[in-house]
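Worksheet: one structure, shown below.
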Amino acid sequence: MVRVRVQRIESIRDPEGNFGKKIELVEERSLPKFPIRPPSEEAKIIQDVIQVLEQQLPFMKAQSRFSIPKMILFLTEEEYEKLGINFEVNQIYEVKLEDQSIKFMKAQ
């Protein structure tokens, strides 16, 4: 099972001029919780400075999650309707790959 987030949805036209959607999905992963200790003294000083900046400037805080491009769906309007999923930007889905099929389920 893979967790994906809808990053972008665009309206497109296929080569025959039919309207459709381009849906970009990225994989969501959590960063490790334990701090990574740098081997050199210089790297440790830099890490300490970054931690102080993150405390003083909240907008610089590193995200605890990062995303990896996973799949892009190019669907005609008819295919999108047949799929039966109303994709929304930032919605998270669990994707199950098995028996030559792909299943999307909204994450809880």
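Only the coordinates and a few stated rules stand behind these numbers; no lab work does. Computed from a predicted model, the values in this text were never measured in an experiment.
Per-residue 3J(HN,Hα) values for segment 72-77, derived from phi via the Karplus relation 6.51 cos²θ - 1.76 cosθ + 1.60 with θ = phi - 60°, read 10, 9, 10, 10, 6, 4 Hz in sequence order (x marks Gly and Pro).
Amide H contacts for residue 107 (H built 1.01 Å from N in the peptide plane; partners 5 or more residues away or on another chain; cut-off under 5 Å): 92, 93, 94. On full extension of the chain, what length is gained from residue 107 through residue 89, given 0.36 nm per residue of separation minus the C-alpha to C-alpha distance? Stretched out fully, the residue 107 to residue 89 stretch lengthens by 5.1 nm. The length gained on full extension between residue 29 and residue 47, counted as 0.36 nm times the residue separation minus their Cα-Cα distance, comes to 4.2 nm.
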